[in-house]
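These notes concern the structure reproduced below.
The values are calculated or read from the model by the stated rules, or taken from the named source; none is laboratory data. Every value quoted in this text rests on a predicted model; they were computed, and no experiment measured them. Here the Cβ positions follow ideal geometry from the backbone for every residue, glycine too, while neighbour counts run over all protein chains shown.
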Amino acid sequence: MKQCAVCGKRWVMGRSFTHRGMLKKKSGVGRRTVRVNLRRFLPNLQQVTIVRNGTVARVKVCTSCLRSGRVQKAPARPSRRSLAA
């Protein structure tokens, strides 16, 4: 499920309106709503390697949690080049 592992933010239902017609201020008769479709607003989730309870895990975290500092990113693993040298 597309949900933040930290705050639990998930998708929210909404509506998408389709309009037809010319605006009144452009000498038209006005915009009319033709149809209303249901849609989902998805959170901006990123897959991040974090430290949780002392263990390293790859989880999906929303960007608001990343920016606010609610998540501690795991330190970068050493590359193979630095180990070989």
Fill in: Members of region 1-45 found to be among the β-branched types (Val, Ile, Thr), within 30 Å of Cys65 (Cβ to Cβ) and loosely packed, with under 12 Cβ neighbours inside 10 Å, listed by number
Val12
Worksheet entry | Positions within region 74-85 being over 20 Å from Gly54 (Cα atoms) and either aliphatic (A, V, I, L, M) or surrounded by 10 or more Cβ atoms within 10 Å (Cβ to Cβ) (or both), in sequence order | Leu83, Ala84, Ala85
Item to complete: Assess whether Val71 counts as being in contact (Cβ under 8 Å) with a residue 60 or more places away in the chain, surrounded by 13 or more Cβ atoms within 10 Å (Cβ to Cβ), touching a strand residue (DSSP E or B) at 6+ places or on another chain (Cβ under 6 Å) and of a type outside the set (Ser, Thr, Tyr).
Response: yes
Worksheet item: Within region 1-58, how many residues are within 30 Å of Gln72 (Cα to Cα) and more than 18 Å from the chain's Cα centre (by Cα)?
Response: 7
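Which residue out of Val56, Val29 is assigned to a strand (DSSP E or B), out of contact with any Cys (no Cβ under 7 Å at 6 or more places or on another chain) and modelled with pLDDT under 95? Outline the logic, then answer.
Details: Val29 fails: assigned to a strand (DSSP E or B).
One residue alone meets the criteria, Val56.
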